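Input: a single structure, listed below in structure tokens.
What follows is calculated from the coordinates using simple rules that are stated; it is not laboratory data. In this text, all values refer to a predicted model and were calculated from it rather than measured experimentally. Quick reminder, even Gly has a Cβ in these numbers, built from the backbone with ideal geometry, and neighbours come from all protein chains shown.
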Amino acid sequence: MYIEFSKTNKKQQRIIENALWFAKSYLLPKHKIDEIHVESVKRWNYKDGDCYDTDDRSYYIRVRKDMSEDILIKTIFHEFAHIKQSIKKEFGDIFGILSDDSSWISYNDRPYEMDAFKLENEMFDKYAKDGKFKFSIDGKFSL
Ligand SMILES: [Zn+2]
């Protein structure tokens with residue numbers, strides 16, 4: 001799995017790279033992924049991230065630039081869950097579905113989003129248990 005970046009800084013790259021490898025080993029340990037390109041997007045208000053396929057087994061993830069580190073990790077886990085849905089063909093053509101915002105089902109009731117949110121939280125809990133980050137008593141996140 002080759003990871004490429006655009007418009008990210010070194011610190012974000014390290015966080016994203018670690019989160020992607022963790023998600024890969026958690027969700028798709030035996031599947032081949034060629035490339036994931038991650039772009040950080042400035043002044044993007046309506047969502048934290050999205051993902052689409054660029055080629056067979058290659059994907060493009062966009063994340064909002066000004067997110068806190070914990071939300072950035074969760075967003076990477078969430079978008080990777082959609083990659084897993086695509087590779088395992090769990091919900092049909094998931095990236096075709098995701099790019100169609102005209103869905104009449106409200107966002108939180110969409111089965112593929114429920115699956116992605118469940119996995120995002122599962123992975124975040126496991127990531128904490130593995131000691132990859134911690135929250136102090138006053139709720140401050142640190143890696
Ligand atoms: Zn989603």
(message) Ignoring solvent entirely, what values of log10 I(q)/I(0) come out of the Debye formula for region 2-132 at 0.15, 0.18 Å⁻¹ when each Cα is a single scatterer?
(response) -0.68, -1.01
(message) From the gyration tensor of the Cα coordinates in region 62-120, what semi-axes in whole Å does the equivalent ellipsoid have, largest first, with each one equal to sqrt(5λ)?
(response) 20, 13, 11
(message) What percent of all Cα-Cα pairs in region 1-66 falls into each 5 Å bin, going from 0 up to the bin containing the maximum distance?
(response) 4, 17, 27, 26, 17, 8, 2, 0
(request) Just name one of F80, Y112, S6: the one whose Cα is farthest towards the positive end of the charge dipole of the chain (beta-carbon charges, Lys/Arg +1, Asp/Glu -1). (result) S6
(message) Using 23 Å as the Cα-Cα cut-off, could you pick out the over-long pairs in K11/K140; K10/K132; K10/K42; K42/K74; K65/K129; K89/K134?
(response) K65/K129; K89/K134
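Loop-only check: which chymotrypsin sites (Phe, Trp or Tyr not before Pro) in region 39-135 are DSSP coil with at most 10 other Cβ within 10 angstrom?
Counting only loop positions with at most 10 other Cβ atoms within 10 Å, the chymotrypsin sites (Phe, Trp or Tyr not before Pro) in region 39-135 are Y46, W104.
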(message) Placing unit charges on C-beta atoms (Lys and Arg positive, Asp and Glu negative, everything else neutral), compute the dipole magnitude of region 2-132 about its Cα centre in debye, rounded to 20.
(response) 520 debye
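Counting each DSSP H run of 4 or more residues in the chain as -39500 (n - 2.57), what helix-only mean residue ellipticity at 222 nm follows after dividing by all residues, to the nearest 500 deg cm²/dmol? Kindly include the intermediate steps, with their values, before the conclusion.
Numbers: 4 runs with 61 residues, N = 143.
Calculated at 222 nm, the ellipticity per residue is -14000 deg cm²/dmol.
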(request) Calculate how many DSSP beta bridges within the chain are antiparallel, expressed in % of all such bridges and rounded to the nearest 5. (result) 40 percent
(message) Once you keep just the Cα pairs under 8 angstrom separated by 6 or more residues, what percentage relative contact order results for region 1-137?
(response) 22 percent
